[in-house]
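To keep things clear, I will list the structure first and then write my remarks on it.
Computed from the coordinates by the stated procedures, all read-outs in this text should not be read as laboratory data. Keep in mind it's a predicted model, so treat the numbers as computed, not measured. In this analysis, Cβ positions are derived from the backbone assuming ideal geometry, glycine residues included, and neighbour counts consider all displayed protein chains.
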Amino acid sequence: MKNPQQAITDLEPGIRYRGLSLGEGANGTSQVPDYALCLLGTARAQTQTDRAAAARSYEQMLQLWKNADADFIPAQEARREQTALAALGKN
């Protein structure tokens, strides 16, 4: 929609209420992907408005996915986007 500030606002509840995205299952407590995907969407929107905040959001999200499978596409994309953002900061 080309409105990064609206995207940040819309994704904020998914980040704020992170505890609600924890689920109880047969294998104990696990986190559903909503929180990490909200961080990813927020980081992408912040890239257009606040690069320092975007860098923090990418770092926080990638910390959650640090043990993700190597072929997990959202993590691959996020790492590439984080690298591109860091390159922009050097210019």
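Quick look at the values:
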item: Packing rank of 64-76, 3-15, 45-57, where each peptide gets the mean count of other beta carbons within 10 Å, highest leading; result: 45-57, 3-15, 64-76
item: Ala53 versus Arg79: modelled label distance in nm, points set 7 Å from Cα along the beta carbon direction; result: 2.8
item: Derived scalar couplings ³J(HN,Hα) [region 39-45; Karplus, 6.51 cos²θ - 1.76 cosθ + 1.60; whole Hz; x for Gly, Pro]; result: 4, 4, x, 5, 4, 5, 5
